[in-house]
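The values are calculated or read from the model by the stated rules, or taken from the named source; none is laboratory data. Remember, predicted model here, so these are calculated numbers, not experimental data. No Cβ is skipped: glycine too gets one built from the backbone with ideal geometry, and neighbour counts run over all protein chains shown.
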């Protein structure tokens, strides 16, 4: 069924549901405009009001007044007022009464877990595809951590770091739909601090509910080594959480966590090529030719200490097409000391059509497509024309040029030409 | 049947907008008359609440006047306007939190979702056709609001994937994934 048929069916279905002939908005719109006219100055946006909105404003005003009175006169009201702009659910007490099934599992700790197995780790770009948004990432590795991986579903994703040598984690959970608000996620009001992440309001919690041996309730332990920070930025609900307090990550206190949170960025390619080269400790090659539709965005360094098996440099070029600037090419370079440590020498799927190409005097491989998870979480190779990859190895280095974007803008020959121009 | 032209500026729209920029609010009337049905229906596909959809469309027209000074007359009006409608509908949907699970759809809805997606003979009787339309609406209702918005823009408002990418402020790759996921979800109804 083609696009026009689908469009026609939808139009017919909607015409049945809401006939066009019965939609008359002009009088209501005009009334709204007239209501807003008195407050408007030439050249300024209008303070517009529509009848329904006026109703809501009136209702909201009455409600606010009522709330103010309650707030000023009752303890419950004062508590309610404090709950405005809350990112953590306030627990009623320092003791958490557990549902029966959780009491059993707490007592059985150490026995066989009946929990669902954790979702598989993946790279951040893969998680972004599943979550459907560009994640905010740390521009560099926090000291003492290594990158563990990312997990995602359609509502959000989690970027996870593990303390080197174990004993701690740093999690960055991002969602477009809201925060986890389970029983265990709440905290007593006195444990919640109002803080700022940059200019944004945030809340920070130190401590956790703990079920001690022989008990059937959770008790709030303010000294538990769990630090959680929540805020909202650019439409994303973000939680950063640090677990554990081994010496290697002891430095990461509330202030450092706030600094890390403020550094989260959508643009991880913030380095100059020379800066990335200096961090990586190997000579980074740059193309002397790139397709006209691309321009240099920036470079990134990914350390063998925490994120990669080998120090890796990635150089990003974005498409110069309005609306498609986030598409483009990423050129990745990594030393290949042991082939099993090469992260850009992986196999592609059985359904992939790998093409051998010549890059100057070197053999390379070109493929169209990407690994993608299906509904059941199985990884399947999909021949998606929107992603093209060229890989080759030379002089102890592995190279990858990954192009994501409209296939008509950058073609295989362009990738090869770019590869041949590396110096 | 009304059609929304996205491919270039519409002369009538441009005249109305020029007058609007000069402070003549009555020039909004032809824009309302031209786009009101499409705006309410598009919002309805995301919200599945007629009253709320009308509210969203009405507010979108008021916002046109509020923000007309930000509008670039060299570009067509419709995509700019429907971006307001879709964004407001999505915000309303988030408040509404009205996502039905796939399990809530019956088998006939599943069958017709497949009919929507794959070439197949059209329903033979008028009754079947009417049922088909209803089931298609139900199938779309099962998607999360953002995917509904993508379906609305792609298949109802006839926007290209590149336009979707711009309107939704998401990379084209995300749009492709959403569309694919939406199609997969609809297709998976076959197995329910």
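Taken over the stretch A:257-281, the residue count meeting the criterion of being in contact with a strand residue (DSSP E or B) (Cβ under 9 Å, 6 or more places away or on another chain) and either in a helix (DSSP H, G or I) or within 13 Å of residue A:332 (Cα to Cα) (or both) is 14. Checked against the criterion of being at pLDDT below 80 and under 11 Å from the mean Cα position of the chain (by Cα), the candidates A:127, A:115, A:104, A:150 yield just one match: A:127.
Residue-wise test of (1) at pLDDT below 90; (2) in contact with a helix residue (DSSP H, G or I) (Cβ under 7 Å, 6 or more places away or on another chain); (3) under 21 Å from residue A:171 (Cα atoms).
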site	(1), (2), (3)
A:241	no, no, yes
A:263	yes, no, yes
A:295	no, no, no
A:326	yes, no, no
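From the list A:207, A:198, A:166, the one residue that fits, being touching a helix residue (DSSP H, G or I) at 6+ places or on another chain (Cβ under 7 Å) and closer than 20 Å to residue A:246 by Cβ, is A:207.
Contact annotation: no residue pair with Cβ atoms under 7 Å, 6 or more positions apart or on different chains, pairs a residue in the stretch B:136-155 that is more than 8 Å from every other protein chain (Cβ to nearest Cβ) and on the phi > 0 side of the Ramachandran plot with a partner that is at pLDDT 75 or above and in a loop (DSSP other than H, G, I, E, B).
Looking at the stretch B:112-187, the helices (runs of 4 or more DSSP H) lying wholly inside it that each contain 1 or more residues that are out of contact with any strand residue (DSSP E or B) (no Cβ under 9 Å at 6 or more places or on another chain) and at pLDDT below 70 sit at B:126-141, B:161-168. Within the span defined as the stretch A:333-341, one or more residues are farther than 20 Å from residue A:421 by Cβ, touching a residue at least 60 places away in the same chain (Cβ under 8 Å) and out of contact with any helix residue (DSSP H, G or I) (no Cβ under 9 Å at 6 or more places or on another chain).
The numbered conditions (1) at pLDDT 80 or above; (2) surrounded by 13 or more Cβ atoms within 10 Å (Cβ to Cβ) are all true for residue A:166 except (2).
Being within 23 Å of residue A:250 (Cβ to Cβ) and in a strand (DSSP E or B) is the requirement here; does residue A:194 meet it? Taking the combined requirement at face value, the residue does not satisfy it. Restricted to helices (runs of 4 or more DSSP H) entirely inside the stretch B:1-78, those with at least 1 residues that are at pLDDT 90 or above are B:28-47, B:50-66. Among residues of the stretch A:194-219 being free of Cβ contacts under 8 Å to residues at least 40 places away in the same chain and touching a strand residue (DSSP E or B) at 6+ places or on another chain (Cβ under 7 Å), the one that is surrounded by the fewest Cβ atoms within 10 Å (Cβ to Cβ) is A:212. Total residues in the stretch A:210-221 satisfying the condition of being touching a helix residue (DSSP H, G or I) at 6+ places or on another chain (Cβ under 6 Å) and either under 20 Å from residue A:260 (Cβ atoms) or modelled with pLDDT of 80 or more (or both): the figure is 0.
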